[in-house]
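The structure appears right after this line, and notes come after that.
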Amino acid sequence: MKYKWLNKKDNKEVIIFFNGWGMDESVVNHLDPALYDIVMFYDYNSLDTDFDFNELIDYQKRYLVAWSMGVMVATLFEQNYDSATAINGTLFPIDDENGIPKRIYDLTIRGFNEKGAKRFISSMFLNEPPSLEISRTIENQKSELEALKNYKSNTDFNYTRVILSSDDKIIPTKNQVNFWKVEPNIVSGHCPFFQFKSWGELL
């Protein structure tokens with residue numbers, strides 16, 4: 001698992017962001033950090049990380065924001081958070097009733113290539129997708145898909161807020177509703193970040 005500080009200016013509060021599969025900071029670069037330090041985790045080919053979670057202890061407040069597959073992965077690195085937001089993901093992201101149907105997930109792995117990557121980006125949005133320059137190779141993204149099948153959530157983890165899109169074509173909205181028992185609360189596709197201007201709106 002890789003990490004990157006998106007903002008580190010000795011602020012008193014920190015946002016810990018667990019990104020979605022195959023992504024980098026391209027999907028959130030436009031968000032204003034305001035008075036938050038922000039560390040992003042991504043690339044879950046392995047859960048090994050050289051990030052020292054003790055770095056977070058000195059912050060007065062710690063907020064978790066997790067998106068897509070990151071909703072599951074974040075539960076494996078449990079901290080004491082002041083809030084925890086799950087965005088378009090569940091604790092069972094590869095599941096016929098609560099996530100991506102297993103057959104669809106396996107077919108995605110089998111046929112993943114440059115064309116498939118572009119199709120995935122388009123499917124994340126309701127309208128014309130923004131221009132994203134994601135610095136991940138096809139091979140790296142495909143192996144991450146395979147690795148994610150081996151991880152299991154800490155089901156004791158509690159999210160305090162759920163952002164659920166109305167038309168998620170990646171992790172079907174109806175399956176997320178089935179898991180969270182809440183109705184969609186934002187008109188969006190799988191990637192809702194471009195409807196927000198600042199990180200604080202996600203807390």
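Laboratory data are not the source of any read-out in this text; all were calculated from the coordinates shown. As the structure is a prediction and not an experimental result, all values here were calculated from the model. Cβ sites come from the backbone with ideal geometry, for glycine too, and all protein chains shown count toward neighbours.
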Listed peptides 25-38, 89-102, 127-140, 149-162 by packing density, highest first (mean Cβ within 10 Å): 89-102, 25-38, 149-162, 127-140
P(r), alpha carbons of region 2-202 - 10 Å bins starting at zero, rounded %: 9, 38, 39, 14, 1
Among 98, 141, 11 the positive-end extreme of the charge dipole of the chain (Cβ point charges): 98
Within the chain: Cβ-based charge dipole about Cα centre, in debye rounded to nearest 20 (Lys, Arg +1; Asp, Glu -1): 500 debye
If the convex hull is drawn through the Cα atoms of region 131-179, its volume per residue in Å³: 149 Å³
Prolate/oblate/rounded call for region 1-91, Cα gyration tensor, a/c under 1.5 rounded: rounded
Percent RCO, i.e. relative contact order, over region 2-202, from Cα pairs under 8 Å lying at least 6 residues apart: 26 percent
Projected label distance in nm at residue 78 and residue 132, using a 7 Å step from Cα toward the beta-carbon: 3.0 nm
Cross-link pairs 115/174; 115/169; 4/102 - those with Cα-Cα distance over 25 Å: 115/174; 4/102
